[in-house]
Amino acid sequence: MTGQELLESISRLLGAKIQSRIEFRHETTFSIQPEDLREVAKFCRDELSFDYLIDISSVDNFGDEPRFEVVYELYSMTLAVHLRLKLAVSEEVCAVDTVSDIWPTADWHEREIYDMMGIRFNNHPDLRRILMWDGYPFFPLRKDFPLEGLPSEMPDVAFTSAAPMEGGPFVTQPSTATAKDREPRAKRPDLNQ
């Protein structure tokens, strides 16, 4: 079976579990319900040879409901086929089932999504923050999180007040100068030798 034949057969094999199919630039995306994730994931791994989980990411559609999307990038090493699974997650539920027992690499991806977006993964073996410190009350990749950050009540850990936006090390000023000349490191004399 070729990769294209496999993708064509998925719609027939999974039937009603697939809400929509999108083809864009030779990439196939299936939208599924969150409650079907584990069944579809196991089927993709065991029956369709999608043996490699490339990535899991999340999208914040702030202002829409459902607010979040969780996106799974799968790959079949034997057939050289890429498949994307998307599922919509409401802000009220804000949780999906883990796939870390199906693809062990999902462990870190799920922890990062939880840490940055606040989406929980049910039955994850070790769901704790991976980048921010324990007890941090915010989720920095949500669209309603301000760019300058939010004050924290933890005085001994990292930032305790909002970061200034003007004149910061990564803030460039509008000008007619080239990108190289606007780049903050270009202003350091020890690097211009």
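Where a number appears in this text, it was derived from the coordinates with a stated rule and is not lab data. Note that the structure is a prediction, hence the values are computed from the model and not measured. Note: ideal-geometry Cβ built from the backbone for every residue, glycine included; neighbour counts use all protein chains shown.
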The exposure ranking of ASP36, ASP126, fewest beta-carbon neighbours within 10 Å first, is ASP126, ASP36
Region 133-149 scanned against label point 7 Å out from ASP64 along Cα→C-beta; backbone N under 17 Å for 142-144
With a Förster distance of 41 angstrom and the Cβ-Cβ distance between GLU91 and ASP51, calculated FRET efficiency to the nearest 0.05 equals 0.80
From fewest to most C-beta neighbours within 10 Å, the residues VAL71, VAL93, VAL40 line up as VAL93, VAL71, VAL40
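Roughly how large, in nm² to one decimal, is the mean projection of the convex hull of the alpha-carbon atoms in region 3-142?
For the Cα atoms of region 3-142, the hull's average projected area reads 8.6 nm².
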Rounded to 0.05, the calculated FRET efficiency for the beta carbons of ALA16 and TRP108 at R₀ = 41 Å is 0.80
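Got a sec? How would ILE32, ILE113, ILE22 order by Cβ neighbour count within 10 Å, fewest to most? Walk me through the numbers before you get to the answer.
On the way: ILE32 20, ILE113 24, ILE22 11.
Lowest to highest Cβ neighbour count: ILE22, ILE32, ILE113.
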For LEU150 and GLU35, extending 7 Å from Cα along the Cα-Cβ vector and measuring point to point gives, in nm, a value of 3.1
